[in-house]
There are 2 protein chains.
Amino acid sequence: MKNLSNLMTYRSDVKVVDATLRDGGLVNDFFFTDDFVKTLYQTNQKAGVDYMEFGYKASKEMFDESKFGKWKFCKDDDIRAIVGEKSSDVKVAVMADVGRCDYKNDIVNRSDSPIDLIRVATYLNTIPAAVDMIEDAKNKGYEVSCNIMAISNGQESDLRVALDILGQSPVDIFYIVDSFGSLYPEQIARIADVYLEFAEKYGKKVGIHAHNNQQLAFANTIEAVGDGVDYLDATYAAMGRGAGNCAMELLLGFLRNPKYNVYPVIKFIENYMRKLQDEGVVWGYDLQYLMTGLLNQHPRTAIEFTKNKRTDYSEFYKEIVEQD
Amino acid sequence: MKNLSNLMTYRSDVKVVDATLRDGGLVNDFFFTDDFVKTLYQTNQKAGVDYMEFGYKASKEMFDESKFGKWKFCKDDDIRAIVGEKSSDVKVAVMADVGRCDYKNDIVNRSDSPIDLIRVATYLNTIPAAVDMIEDAKNKGYEVSCNIMAISNGQESDLRVALDILGQSPVDIFYIVDSFGSLYPEQIARIADVYLEFAEKYGKKVGIHAHNNQQLAFANTIEAVGDGVDYLDATYAAMGRGAGNCAMELLLGFLRNPKYNVYPVIKFIENYMRKLQDEGVVWGYDLQYLMTGLLNQHPRTAIEFTKNKRTDYSEFYKEIVEQD
């Protein structure tokens with residue numbers, strides 16, 4: 001059982017990362033209006049959110065710029081148009097996927113960029129490529145995290161090797177990522193334990209990015225913070241791929257640091273997130289996502305089911321059990 | 001951290017209680033069709049659910065029978081029309097509220113009734129009345145639980161006195177009830193600890209009934225089962241008052257006992273629960289319930305907000321903070 005004192009007080013090391021534009025962008029191909037993004041930035045400022053992730057630094061060679069909103073590419077000038085002179089305390093983050101980012105060209109020196117944190121996303125089998133990206137970003141002066149995706153499908157022995165390699169790299173933060181929303185809080189406690197072992201050995205921080213397939217994104221995030229994880233991803237109204245993420249409004253309500261304030265978040269959801277939903281953008285917990293989470297599968301079949309407006313859940317269950 | 005072996009195996013003492021008609025009935029005034037109830041009973045049988053709660057034994061003096069569906073009153077004949085000769089393994093439960101049930105007249109001997117379990121619902125300040133109901137039901141031959149509501153608003157010292165009194169009564173099961181959906185898993189662990197201390201002392205079992213205001217109904221339920229709580233309430237598609245309850249489809253997916261089967265649950269949701277929702281019956285997690293949960297308030301203001309189809313969440317937040 002966790003110490004009661006830990007529940008009443010707070011660790012000032014805890015940082016909240018708003019991933020609405022990035023994970024939410026996977027749902028609407030990053031087509032957010034400038035008004036949405038500007039107001040979100042101001043809201044994060046008022047709410048005490050520590051980082052705002054604007055989207056991906058995706059390769060313009062690989063992805064057609066006409067088919068996506070600008071936040072799939074996160075050009076420095078587009079970010080600058082939102083944050084201006086960056087007088088606020090909200091730091092700017094972007095995600096860079098291994099194999100899908102021309103990082104040598106598209107990421108310039110931090111001194112010339114509005115970006116503060118580069119989040120390198122990798123699978124367990126592409127750790128060396130991730131290390132190259134980490135070193136590049138670190139040499140350019142950025143804070144750097146490494147988000148190891150789909151760990152619920154990996155072996156603990158492989159994870160330990162990966163964390164040992166990353167520990168020796170200049171990365172600042174290791175991220176636990178429950179890509180399939182398949183992990184239970186008790187498993188998160190065990191995984192956090194492994195991450196924290198290597199984090200302590202190498203002087204790194206640990207973060208968590210959860211998905212809500214089993215309505216556990218928030219529960220897993222607060223389990224992790226109780227275990228010593230410091231960087232917490234959340235999104236407004238839980239917007240994110242498939243079942244979505246840990247809801248910002250739940251997380252800020254839970255955290256005890258008086259710098260966090262849930263009221264502006266509620267206001268933003270009322271004025272902006274509901275509108276997105278009314279316009280037909282769909283995300284969030286539903287039976288099909290529960291099923292892929294339960295079976296520890298990638299949500300792509302459930303996303304397809306949603307897109308096709310199917311409601312034959314029991315038929316879908318039979319289909320994905322077959323694939324297992 | 002819980003033992004890994006506890007996660008891979010299961011305790012055969014764990015029992016799942018379907019509370020769909022009872023807590024769900026609070027949303028539609030208990031107007032379920034006979035087809036719905038019969039199919040739900042058959043589905044529980046296929047899914048391996050241990051108990052099905054049919055509704056309340058509400059006083060016909062206090063409540064107008066013409067204004068509610070029959071499951072607010074749960075006459076034995078109405079239950080018999082569903083369960084027939086009761087050849088199935090699904091036990092029948094009803095809830096009896098302190099102060100709202102003519103238990104001396106309306107609850108007959110178990111040998112003459114299709115009911116197996118009487119669930120006595122009480123607040124901390126009506127424990128003596130609850131004990132009278134418990135003794136009455138026990139004398140008539142029933143299994144009996146005592147569901148102590150709204151404990152998040154009570155003092156631990158009062159709770160200890162209540163459990164000590166109940167321990168000396170013939171009740172079989174003490175229930176943890178998070179009426180306001182305000183408790184976090186770490187608090188559930190502490191509360192379960194207190195309940196289990198008295199349960200062990202007096203040879204009782206412990207159960208949990210959670211609400212989903214902070215999307216923690218499932219997380220709190222699996223926290224409790226990991227702590228040694230045996231009786232787990234759940235409802236199909238989480239149907240229940242306000243933000244609803246722990247979803248049956250999540251719970252059965254989690255439990256490791258091979259007697260439980262999630263597929264029939266999915267089928268029932270597809271065929272029956274979606275129809276209720278399409279007909280306009282509203283329940284489930286939403287911002288207004290998060291807010292009352294966060295503030296540890298009764299959800300009545302949020303239910304009113306929902307009923308009035310209001311969407312001015314930030315205004316509502318200001319209103320209920322004022323009431324705090």
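Brief remarks on what is shown
- Test: residue in region A:217-227 that is farther than 27 Å from A:VAL27 by Cα, out of contact with any strand residue (DSSP E or B) (no Cβ under 8 Å at 6 or more places or on another chain), of a type in the set (Gly, Ala, Ser) and within 11 Å of chain B (Cβ to nearest Cβ): yes
- Only one entry in B:ALA234, B:ALA238, B:ALA210 is touching a Cys at 6+ places or on another chain (Cβ under 6 Å) and in contact (Cβ under 8 Å) with a residue 40 or more places away in the chain, namely B:ALA234.
- Matching residues, region B:106-141, being among the hydroxyl-bearing types (Ser, Thr, Tyr) and either on the phi > 0 side of the Ramachandran plot or more than 18 Å from the chain's Cα centre (by Cα) (or both): B:SER111, B:SER113, B:THR126
- Taken over region A:256-273, the criterion of being of a type outside the set (Phe, Trp, Tyr) and within 11 Å of another protein chain (Cβ to nearest Cβ) is satisfied by A:VAL262, A:PRO264, A:VAL265, A:ILE266, A:LYS267, A:ILE269, A:GLU270, A:ASN271, A:MET273.
- Considering (1) over 16 Å from the mean Cα position of the chain (by Cα); (2) more than 26 Å from A:ALA150 (Cα to Cα), the lone condition that A:TYR103 does not fulfil carries the number (2).
- Within region A:120-131, being part of a helix (DSSP H, G or I) and surrounded by 14 or more Cβ atoms within 10 Å (Cβ to Cβ) holds for A:LEU124, A:THR126, A:ILE127, A:ALA129, A:ALA130, A:VAL131.
- The residues of region B:274-286 that are within 11 Å of chain A (Cβ to nearest Cβ) and buried (at least 24 other Cβ atoms within 10 Å of the Cβ) amount to a single one, B:TYR285.
- Subset of region B:188-200 that is within 14 Å of another protein chain (Cβ to nearest Cβ) and surrounded by fewer than 22 Cβ atoms within 10 Å (Cβ to Cβ) - its residue that is farthest from A:GLY244 (Cα to Cα): B:GLU197
- Selection within region B:139-164 - of a type in the set (A, V, I, L, M, F, W, C), over 21 Å from B:ASP230 (Cβ atoms) and assigned to a helix (DSSP H, G or I): B:VAL161
- Boolean, B:GLU319 is acidic (Asp, Glu), surrounded by 14 or more Cβ atoms within 10 Å (Cβ to Cβ) and closer than 29 Å to B:ILE151 by Cα: no
- Residue in region A:243-252 that is closer than 18 Å to A:LYS46 by Cβ and outside any helix (DSSP H, G or I) present: yes
- Number of residues in region B:287-303 that are buried (at least 22 other Cβ atoms within 10 Å of the Cβ) and within 20 Å of the chain's Cα centre (by Cα): the value is 6.
- Number of the condition not met by A:MET1 [criteria: (1) more than 14 Å from every other protein chain (Cβ to nearest Cβ); (2) in a loop (DSSP other than H, G, I, E, B)]: (1)
- Residue ranges of strands (runs of 3 or more DSSP E) in region A:4-119 with at least 2 members touching a residue at least 40 places away in the same chain (Cβ under 8 Å) and β-branched (Val, Ile, Thr): A:15-18, A:91-97
- Screening A:GLY203, A:GLY253, A:GLY207, A:GLY181 for residues that are more than 10 Å from chain B (Cβ to nearest Cβ) and touching a helix residue (DSSP H, G or I) at 6+ places or on another chain (Cβ under 6 Å) leaves exactly one candidate, A:GLY181.
- In the set (1) within 13 Å of another protein chain (Cβ to nearest Cβ); (2) surrounded by 24 or more Cβ atoms within 10 Å (Cβ to Cβ), the condition left unmet by B:TYR231 is number (1).
- Count of residues meeting criterion [among the β-branched types (Val, Ile, Thr) and either in contact with a Gly (Cβ under 8 Å, 6 or more places away or on another chain) or assigned to a loop (DSSP other than H, G, I, E, B) (or both)] in region B:214-242: 2
- Subset of region B:296-324 that is in a loop (DSSP other than H, G, I, E, B) and either more than 22 Å from A:ASN261 (Cβ to Cβ) or not charged (D, E, K, R) (or both) - its residue that is nearest to the other protein chains (Cβ to nearest Cβ): B:THR311
- The condition of being in contact with a Pro (Cβ under 6 Å, 6 or more places away or on another chain) and surrounded by fewer than 18 Cβ atoms within 10 Å (Cβ to Cβ) holds for only one of B:LYS46, B:LYS2, B:LYS67, B:LYS38, that being B:LYS46.
- With respect to (1) at positive phi; (2) of a type in the set (Gly, Ala, Ser); (3) within 11 Å of another protein chain (Cβ to nearest Cβ), the lone exception for B:GLY293 is condition (1).
- Some residue of region A:305-317 being within 22 Å of A:PHE31 (Cβ to Cβ), of a type in the set (S, T, N, Q) and out of contact with any Lys or Arg (no Cβ under 9 Å at 6 or more places or on another chain): yes
- Verdict on A:GLU156 being within 14 Å of chain B (Cβ to nearest Cβ), surrounded by fewer than 17 Cβ atoms within 10 Å (Cβ to Cβ) and either more than 17 Å from the chain's Cα centre (by Cα) or at pLDDT below 95 (or both): yes
- Counted residues, region A:299-323 - those being more than 30 Å from A:THR33 (Cβ to Cβ) and either among the polar types (S, T, N, Q) or in contact (Cβ under 8 Å) with a residue 40 or more places away in the chain (or both): 4
The values are calculated or read from the model by the stated rules, or taken from the named source; none is laboratory data. The structure presented is a predicted model; accordingly, all values stated were derived computationally and were not measured. FYI the Cβ positions are ideal-geometry reconstructions off the backbone, even for glycines, and counts take in every protein chain you see.
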